[in-house]
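Report on the following structure.
Nothing in this text is a laboratory measurement; each read-out follows from the coordinates by a stated rule. Being a predicted model, the structure only gives us computed values, none of them experimental. Here the Cβ positions follow ideal geometry from the backbone for every residue, glycine too, while neighbour counts run over all protein chains shown.
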Amino acid sequence: MDRLLLILAFCILSNPIFSQEEKSSTKILFVGNSFTFFWNMPQLVSAMAESQGVSINSYQSTVSGSSLEQHWKGEKGSLTRKKIDENNWDYVVLSDHSLRTIDAPEKFREYGKKFIDLVRLKGAEPIFMITWSYKDNPSMQKIISKEYIKLANDFNVKVFPVGPIWDAIRKDNSNIDLYFDNKHPSSVGSYLISLIITKSLTGKSLKDIPKRLFKTDEKGEKFYLSFISSSNSKYLKEFVDKSIE
């Protein structure tokens with residue numbers, strides 16, 4: 001990963017997006033595809049924030065393999081625009097198909113801008129999640145990051161620098177496998193994504209976030225969202241804390 005792009009990504013998001021005192025609870029819609037919904041990532045963010053004493057209610061509008069263009073047009077059964085229109089969100093987190101910035105950057109920009117305008121019209125803040133390269137093609141990351149950062153700079157939106165940090169960890173520690181297959185996140189990968197988003201949102205230290213995270217259903221029963229080894233949890237939390245200050 002180009003060091004300059006990594007620095008640019010962090011400059012865009014150099015401060016926490018909200019403070020604990022801002023409001024009692026924050027409502028976030030995650031828009032994307034399997035990169036978002038693998039291993040309960042939106043719910044992991046809520047659970048991690050809760051462990052820090054911050055209330056985040058996470059929802060999602062995700063369709064496997066979908067692009068922002070398809071979300072915009074309501075294809076593949078997407079109800080994203082309806083969900084944005086009919087609910088009061090604080091933030092809408094957007095990510096495009098993993099190849100969109102490479103195969104169709106003009107479409108990435110076109111529909112990214114459409115969603116930026118719509119989300120702002122509804123009184124919420126749009127945030128883009130920079131996606132990561134495929135396992136067998138790490139050179140993708142430079143292009144992906146460049147396009148997301150250009151969009152963010154041109155339209156004054158924030159980003160979650162997931163891809164750049166993911167790439168840096170791949171280079172720093174080959175013993176941690178962030179991939180489930182060639183492109184989707186493993187449970188460890190989704191734990192990392194959630195750490196990056198939680199840190200970016202709250203600005204709080206990740207030190208005390210547990211390695212096992214769970215939620216409670218309407219019957220009061222626990223259901224576990226994530227299991228990760230103590231060593232991997234410690235390493236990832238320290239890496240993200242150092243990366244986003």
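So here's what we get for this one:
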| item | result |
| --- | --- |
| Structure-derived semi-axes √(5λ) of the Cα gyration tensor in Å - corresponding label in (1) 35, 32, 14; (2) 24, 22, 18; (3) 37, 20, 14 | (2) |
| Two-site label geometry, Glu245 and Tyr224: point separation in nm, points 7 Å out along Cα→Cβ | 3.5 nm |
| Selected from Ile209, Ile197, Ile130 as most flexible by GNM, with the chain as the system and alpha-carbon contacts under 10 Å | Ile209 |
| For segment 190-245, size of Cβ-based charge dipole, Lys and Arg +1, Asp and Glu -1, in debye | 120 debye |
| Karplus (6.51, -1.76, 1.60) ³J(HN,Hα), θ = phi - 60°, over segment 236-245, in Hz, Gly and Pro reported as x | 5, 5, 5, 5, 5, 4, 6, 7, 10, 10 |
| For segment 56-70, 3J(HN,Hα) per residue [Karplus equation, 6.51 cos²θ - 1.76 cosθ + 1.60, θ = phi - 60°, Hz, x = Gly/Pro] | 10, 9, 9, 10, 9, 10, 10, 9, 4, x, 8, 10, 5, 4, 5 |
| Net dipole in debye of the chain [+1 Lys, Arg Cβ; -1 Asp, Glu Cβ; about Cα centre; nearest 20] | 80 debye |
| Residues listed by number, segment 53-76, amide nitrogen under 14 Å from Ala104 label point at 7 Å toward C-beta | 65-76 |
| Partner lysines for Lys146 [C-alpha distance under 20 Å; skip if fewer than 8 residues away on the same chain] | Lys107, Lys113, Lys114, Lys135, Lys158, Lys171, Lys183 |
| Helix-only [θ]222 nm of the chain, DSSP H runs n ≥ 4, -39500 (n - 2.57) each, per residue, nearest 500 | -14000 deg cm²/dmol |
| Reciprocal of mean inverse Cα separation for segment 86-152 (Kirkwood radius, Å) | 12.6 Å |
